[in-house]
Structure formats: structure tokens, C-alpha cells
Amino acid sequence: MIIVRDILEKFDLTLHAGSEGLNKEIVSIDVSRPGLEVAGYFSHYSSERIQIFGTTETTFFMHRLTDEEQESRAHSLCRKDTPCIILTHGHVPPEALIKACDKTGTALLSTRMTTTGFNYALTDYLEMALAPETNVHGVLLDVYGIGVLITGESGIGKSEIALELVKNGHRLVADDNVEIKQIQKDQLIGKAPKLIENLLEIRGIGIVNVMTLFGAGVVLNEKRIMLNVHLEFWNKNKEYDRVGLEERSMKILDTEVSQKLIPVRPGRNLVNIIEVAAMNFRLQKMGINAAEEFNERLKAFIRQKSGGETRHDI
């Protein structure tokens with residue numbers, strides 16, 4: 001949950017009126033520029049959004065409306081569910097707007113930023129802050145630029161693998177608990193909870209700070225999750241994909257993440273396997289798929305062999 005006070009502090013805004021509204025919850029990612037409303041058209045007023053007054057809205061309000069109209073429009077803008085009103089370009093708020101905001105407890109703020117610049121910055125912040133979120137038990141790393149989420153049952157060795165990957169030059173995002181937000185459709189961003197940032201838990205050693213051990217270059221605050229590597233203990237009765245044509249995915253929130261199921265058994269170098277999985281995933285995104293290429297070669301070989309045998313029989 002975010003409140004108006006968070007916006008005030010995040011963007012270093014100036015408070016002019018309506019201090020009682022600083023604790024109002026912000027529920028909408030969208031923001032509005034109430035140009036039509038200032039002109040008197042309130043039929044489709046999205047009052048639950050943050051209202052932004054640019055130069056157009058401010059000058060029209062101050063110079064084209066009578067005192068009575070200013071008072072009426074100001075009170076119509078300041079509804080119970082309106083989180084706040086923000087003026088850009090450092091404009092001084094009209095007196096009628098100040099009075100209405102104080103009376104209704106609607107925070108009236110201003111910034112020296114341009115309207116377009118502030119709009120973009122605020123929207124980006126709201127998209128991240130209000131995005132659907134969940135937590136996943138696993139380890140998140142940046143491996144060759146690919147956000148790899150390693151999952152598997154407790155004790156399978158996820159943290160030890162993460163430590164070896166960090167030693168190989170890859171970057172740790174989160175260990176044990178990954179906070180995940182869906183900021184857009186099919187776009188997940190993962191990060192570590194503040195409590196365990198930069199930390200790895202290694203059984204037999206305890207908690208280690210990888211940034212202190214290996215330097216600031218081995219950690220990353222957040223990363224887009226693109227690939228899930230799921231580890232499971234080898235099951236001799238289970239048939240595992242040996243070609244790479246099997247499509248698997250893991251659903252997180254409303255997003256399907258490509259998944260690779262890796263069986264764990266003594267002698268397998270899981271660190272190398274995960275590095276290759278990340279590189280291969282990257283190649284597939286570039287249109288290079290070794291499994292499909294092999295499948296086409298195999299089909300061509302079978303066709304050629306079948307045709308040759310037919311001619312021989314004739």
C-alpha cells in the first residue's frame with residue numbers, strides 16, 4: 001500500500017494545503033489531467049486518480065473562470081476518493097483550490113518538474129508500487145543477462161549453486177525468498193526482501209554477505225525473471241527430456257515463465273548446466289534453436305533413407 005505522503009517524499013513535492021489528506025491511500029496506477037473537468041464537464045471524472053494540473057489547466061482555471069466558477073470547480077475536483085492534486089512547473093496554486101483542498105482534506109502539492117516529465121516518472125513509480133506481487137521460495141540470479149529463478153525442494157543445493165555461480169562472475173539478486181512483481185503483462189521483476197539483501201545461507205557455514213566477500217559487482221537490486229530452472233532429485237522411473245523439444249512453464253501471478261527441469265544426481269555439474277541453459281535460452285530468443293534444428297535434420301534423414309530404400313526395392 002502507498003499513500004500520498006509516499007509521493008510527497010519520493011518526488012520532493014511542496015505541500016500547499018490539505019495536510020489531512022497525506023495519509024490517503026492511492027489505489028489507481030493511472031493519473032489524470034482534468035482539463036475537461038476544469039472546463040465544467042464532470043460526467044466521466046476519474047476521481048480516484050491523482051489529478052495533475054499542467055500549465056494549460058492552471059492558467060485556464062485562473063484566467064478563464066469567474067470567482068464563483070473557480071470555487072465550484074475546485075470543490076467538484078476535491079472528492080472523498082481523490083488522493084491529491086499536483087501542480088507542475090512550480091505553478092502557485094489558485095486561492096480557490098487551496099481553500100477547497102483544506103476544506104475537504106485533499107492534499108494540494110506542486111513540483112518544479114515539467115508536466116510530461118513528472119507524468120512519466122509518477123506513472124513508472126505507481127506501476128511498480130501498485131503491481132500485483134507474490135513471494136517464491138528460490139534463488140534469483142542474473143546469468144549472462146538472463147534472470148534465472150532457481151527453484152526446488154529445500155536442501156537440494158540451490159544456495160550452494162548460487163554461490164558457485166557468483167564465483168563464476170554472475171550476479172545474485174535474492175536467495176531463499178524472492179519478492180516478485182508483475183509490472184506489465186508477461187513481465188515479472190524479482191528482488192530480495194530488505195532483510196536478506198546480498199545474503200546467502202550456506203549450510204555448515206551460515207549466513208555470508210556475497211557483496212562483502214566478492215565486491216559490489218556480484219549483486220543486483222532487481223532483475224526481470226525470464227527462465228525458471230527447477231531442480232529435482234533424480235527419479236530413475238521418470239523419463240526426462242533429452243532433446244529439448246518439450247515445452248514447460250511455471251505460472252507466477254498471471255505470467256508463464258519458461259521452465260527447464262533439471263534432475264539432480266551425484267556427478268552432474270549443475271552450475272555448468274544452468275549456465276548453458278541460460279545461454280541456450282538467450283539463443284532461442286534470437287531465433288536459434290538447436291533442438292528444432294536437430295529435429296529437422298532427423299526428419300530429413302528419415303525421408304532420405306526412406307526414399308533410398310524405395311528406389312532400391314524397385
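Somewhere in region 230-251, is a residue assigned to a loop (DSSP other than H, G, I, E, B) and at pLDDT 95 or above?
From region 230-251, those assigned to a loop (DSSP other than H, G, I, E, B) are 234-248; that's our starting set.
Next, from what is left, pick out any that are at pLDDT 95 or above: none.
No, the conditions are met nowhere in region 230-251.
Filter region 28-67 down to residues that are free of Cβ contacts under 8 Å to residues at least 60 places away in the same chain and in a strand (DSSP E or B), then give me how many there are.
Result for region 28-67: 3.
May I ask you to say which residue of Ile262, Ile273 is in a helix (DSSP H, G or I) and without any contact (Cβ under 8 Å) to a residue 60 or more places away in the chain?
Of Ile262, Ile273, the one residue that is in a helix (DSSP H, G or I) and without any contact (Cβ under 8 Å) to a residue 60 or more places away in the chain is Ile273.
Looking at the structure I just gave you, is Ile98 assigned to a loop (DSSP other than H, G, I, E, B), among the aliphatic types (A, V, I, L, M) and surrounded by fewer than 20 Cβ atoms within 10 Å (Cβ to Cβ)? Full working, then the answer.
Working: assigned to a loop (DSSP other than H, G, I, E, B): no; among the aliphatic types (A, V, I, L, M): yes; surrounded by fewer than 20 Cβ atoms within 10 Å (Cβ to Cβ): yes.
The answer is no for Ile98.
Please tell me if Ile3 is under 27 Å from Glu68 (Cβ atoms) and of a type in the set (A, V, I, L, M).
On the way: under 27 Å from Glu68 (Cβ atoms): no; of a type in the set (A, V, I, L, M): yes.
Against the criterion (under 27 Å from Glu68 (Cβ atoms) and of a type in the set (A, V, I, L, M)), Ile3 does not qualify.
Exactly one of these conditions fails for Leu200: (1) assigned to a strand (DSSP E or B); (2) under 30 Å from Leu130 (Cα atoms); (3) in contact with a Gly (Cβ under 9 Å, 6 or more places away or on another chain). Give me its number.
(3)
List pairs: first residue in region 1-27 and small (Gly, Ala, Ser), second residue assigned to a loop (DSSP other than H, G, I, E, B) and buried (at least 16 other Cβ atoms within 10 Å of the Cβ) anywhere in the structure, Cβ distance under 6 angstrom, at least six positions apart or on different chains.
Pairs that qualify, where the first residue is small (Gly, Ala, Ser) and the partner is assigned to a loop (DSSP other than H, G, I, E, B) and buried (at least 16 other Cβ atoms within 10 Å of the Cβ), are Gly18/Gly105; Gly18/Thr106; Gly21/Gly105; Gly21/Thr106.
For Asp102, which of the numbered conditions (1) free of Cβ contacts under 8 Å to residues at least 40 places away in the same chain; (2) over 24 Å from Leu261 (Cα atoms) fails to hold?
Status for Asp102: all satisfied but (1).
Can you confirm whether region 211-220 contains a residue that is without any contact (Cβ under 8 Å) to a residue 24 or more places away in the chain, over 20 Å from Tyr125 (Cβ atoms) and in contact with a strand residue (DSSP E or B) (Cβ under 6 Å, 6 or more places away or on another chain)?
Pass one, region 211-220, residues without any contact (Cβ under 8 Å) to a residue 24 or more places away in the chain: 211-213, 215-216.
Next cut, over 20 Å from Tyr125 (Cβ atoms) only: 211-213, 215-216.
The next check asks that each one be in contact with a strand residue (DSSP E or B) (Cβ under 6 Å, 6 or more places away or on another chain); those that pass are 211.
There is at least one residue in region 211-220 that is without any contact (Cβ under 8 Å) to a residue 24 or more places away in the chain, over 20 Å from Tyr125 (Cβ atoms) and in contact with a strand residue (DSSP E or B) (Cβ under 6 Å, 6 or more places away or on another chain).
Specify which of the listed residues (Ile189, Ile180, Ile207) is aliphatic (A, V, I, L, M), in contact with a strand residue (DSSP E or B) (Cβ under 6 Å, 6 or more places away or on another chain) and free of Cβ contacts under 8 Å to residues at least 12 places away in the same chain. Spell out how you get there, then give the answer.
On the way: Ile189 fails: free of Cβ contacts under 8 Å to residues at least 12 places away in the same chain; Ile180 fails: free of Cβ contacts under 8 Å to residues at least 12 places away in the same chain.
Going through Ile189, Ile180, Ile207 in turn, the sole match is Ile207.
The values are calculated or read from the model by the stated rules, or taken from the named source; none is laboratory data. The structure presented is a predicted model; accordingly, all values stated were derived computationally and were not measured. For neighbour counting, all protein chains shown are included, and Cβ atoms are generated from backbone atoms with ideal geometry for every residue, glycine included.
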